[in-house]
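Presented below is the structure to which this report refers.
The values are calculated or read from the model by the stated rules, or taken from the named source; none is laboratory data. All values derive from a computational prediction rather than experimental measurement. Neighbour counts are summed over all protein chains in view; Cβ atoms, including those assigned to glycine, are modelled from backbone coordinates with ideal geometry.
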Amino acid sequence: MKYHFSHRRRCHITGGMLLLLCCVVLSSCTSTAQSSAASIANTDIATSYSTDLFAMDTVMTLTAYGTNAQTAVETSAEEIQRLEQIFSTNLEDSAIAQLNAHKTAQLPEDAITVLQTALQLYDDTEGAFNVALYPIVKAWGFTTENYRIPSSEELAALLRHTDVNSLIVNSEIAQLSDSAAEIDLGGIVKGYTSDQVMQIMAQQNIQSAVISLGGNVQTLGTKPDGSLWRVGIQDPDNPDECICLVEVADKAVITSGPYQRYFIGEDGVRYHHIINPQTGAPAESGLASVTIVSDSGILADGLSTSLFVMGPEQALQYWQEHRQNFDAILITTDRQIIITAGLSDCFQSDSDYYVFGEQS
Ligand code: FAD
Ligand code: MG
């Protein structure tokens, strides 16, 4: 089996809404992909319900189509608020805050599931995904917006307390054996949340739904008319615009990038919130953004952060080894766009791009 890059010329993005609706689902759809999905259109297009809410420090939009749309959306909004109460490190009574404060806590099933997935991702990514970085994230001020640049001595001292092996998770209880260790699931919880929302939608017999949790998109089924959802990906150098789009059904499309949360230091340097666990500093890996497309929201969220830390070469190698689970769009700091082979039929961009991993 041979892997290689193939160079694709730009392919004009159809649909006039593109520039306005980055990282959300684009409403117009004129692509060839819609015909392949048209046969499964069966949703009551007339009935739809949508709501916006602010949770997990971001704006979320939930939209469902079909008879139970309102109940499905309202139940989903309640579920998001329930999960925020469990996972927010900033809420004193949350399960994760209790774990951080007391180093041992009895946790609800949701927290055990997310922690176990996070530990698995730590192993799978050889430590690129590390939920024990919270002391470092705090030191940079990303939790309070009191931003500062920690000294290398301070980072070295804090790094000694970021060993994920100090976290022990059994069926109901989690413990931290290092009294200075703290857990932060901010890199994975929104993906878990969007999976949970999709389950609620399905339980309410919804066949067509789309949600955006602060730009993390997840879709159920196709659009009500049977065509694929069009999800725009932000241009990392100009986040008000899209640089490309993917057309999907039943997928999570989740992006990590330095432009999402950052500050400019007095030295004029941009410091962002995705941390290299080796150095404790913002990851400078040669990537400007990573988008993961997967059936699983939690995997897509965890991997978008992980592959950003890895950088392009290691990220593409990781994809080769796990290509059955996800596809990726990598945008490098020098603005090259690389997509993995599974996206080659559902990707559009006005820029040239490379397809990685097509078998010859
Ligand atoms: P992602 O790339 O998905 O995740 C980046 C985040 O993951 C970082 O912000 C950091 O928290 C963590 N991280 C950094 N490096 C790594 C790494 N190598 N491995 C693993 N994880 C890493 N923000 C507030 O300012 N105030 C709040 O009150 C607040 N409440 C929240 C409550 C919940 C339940 C959640 C899920 C998030 C909340 N946030 C809050 C936002 C949170 O702090 C993160 O900024 C956010 O989750 C980042 O998501 P992202 O999709 O932008 O980036
Ligand atoms: Mg993430």
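Below are the figures for this structure:
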| item | result |
| --- | --- |
| Leading residue by the ranking (nearest to ligand 1 (Cβ to nearest atom)) among those in segment 64-100 that are within 15 Å of Val197 (Cα to Cα) and buried (at least 20 other Cβ atoms within 10 Å of the Cβ) | Leu83 |
| Looking only at segment 291-315, and only at residues there that are within 15 Å of ligand 2 (Cβ to nearest atom) and polar (S, T, N, Q), the one that is surrounded by the most Cβ atoms within 10 Å (Cβ to Cβ) | Ser304 |
| The listed residue being in a loop (DSSP other than H, G, I, E, B), in contact with a Phe, Trp or Tyr (Cβ under 8 Å, 6 or more places away or on another chain) and either surrounded by fewer than 22 Cβ atoms within 10 Å (Cβ to Cβ) or free of Cβ contacts under 8 Å to residues at least 24 places away in the same chain (or both), out of Gln359, Gln320, Gln324 | Gln359 |
| Identity of the residue in segment 270-287, touching a Leu at 6+ places or on another chain (Cβ under 9 Å) and aliphatic (A, V, I, L, M), that ends up nearest to Asp250 (Cα to Cα) | Leu287 |
| Candidates Thr67, Thr14, Thr30, filtered to the one that is β-branched (Val, Ile, Thr), at pLDDT 50 or above and out of contact with any Phe, Trp or Tyr (no Cβ under 7 Å at 6 or more places or on another chain) | Thr67 |
| Among the residues listed as Ala157, Ala132, the single one being without any contact (Cβ under 8 Å) to a residue 24 or more places away in the chain and not aromatic (Phe, Trp, Tyr) | Ala157 |
| Segment 192-243, residues that are assigned to a loop (DSSP other than H, G, I, E, B) and within 16 Å of ligand 2 (Cβ to nearest atom) | Gly214, Gly215, Pro236 |
| Any hit, segment 183-201, residues being of a type in the set (A, V, I, L, M, F, W, C), touching a strand residue (DSSP E or B) at 6+ places or on another chain (Cβ under 9 Å) and either away from ligand 1 (no atom under 16 Å from the Cβ) or free of Cβ contacts under 8 Å to residues at least 12 places away in the same chain (or both) | yes |
| Selection count where residues are over 14 Å from Ala77 (Cβ atoms) and surrounded by fewer than 22 Cβ atoms within 10 Å (Cβ to Cβ), scope segment 187-197 | 1 |
| Filtered residue count, segment 33-50, keeping only those that are touching a helix residue (DSSP H, G or I) at 6+ places or on another chain (Cβ under 9 Å) and either in a helix (DSSP H, G or I) or at pLDDT 95 or above (or both) | 3 |
| Selection count, segment 275-294, where residues are touching a strand residue (DSSP E or B) at 6+ places or on another chain (Cβ under 9 Å), within 21 Å of Leu119 (Cβ to Cβ) and more than 9 Å from ligand 1 (Cβ to nearest atom) | 2 |
| Elements of type helices (runs of 4 or more DSSP H) in segment 51-137, at least 1 residues being within 29 Å of Val290 (Cα to Cα) and hydroxyl-bearing (Ser, Thr, Tyr) | 69-87, 109-124 |
| Strands (runs of 3 or more DSSP E) wholly inside segment 249-290 that include at least 2 residues being surrounded by 19 or more Cβ atoms within 10 Å (Cβ to Cβ), at negative phi and touching a helix residue (DSSP H, G or I) at 6+ places or on another chain (Cβ under 9 Å) | 252-256 |
| Residue in segment 146-161 that is exposed (fewer than 14 other Cβ atoms within 10 Å of the Cβ), among the acidic types (Asp, Glu) and modelled with pLDDT of 95 or more present | yes |
| Selection status of Val169, in contact with a strand residue (DSSP E or B) (Cβ under 6 Å, 6 or more places away or on another chain) and either modelled with pLDDT of 95 or more or within 16 Å of ligand 2 (Cβ to nearest atom) (or both) | no |
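Yes or no, residue by residue, for (1) of a type outside the set (Gly, Ala, Ser); (2) under 13 Å from the mean Cα position of the chain (by Cα); (3) modelled with pLDDT under 95:
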| residue | (1), (2), (3) |
| --- | --- |
| Gly187 | no, yes, no |
| Thr193 | yes, yes, no |
| Val210 | yes, no, no |
| Val253 | yes, yes, no |
| Phe263 | yes, no, no |
| Ile274 | yes, yes, no |
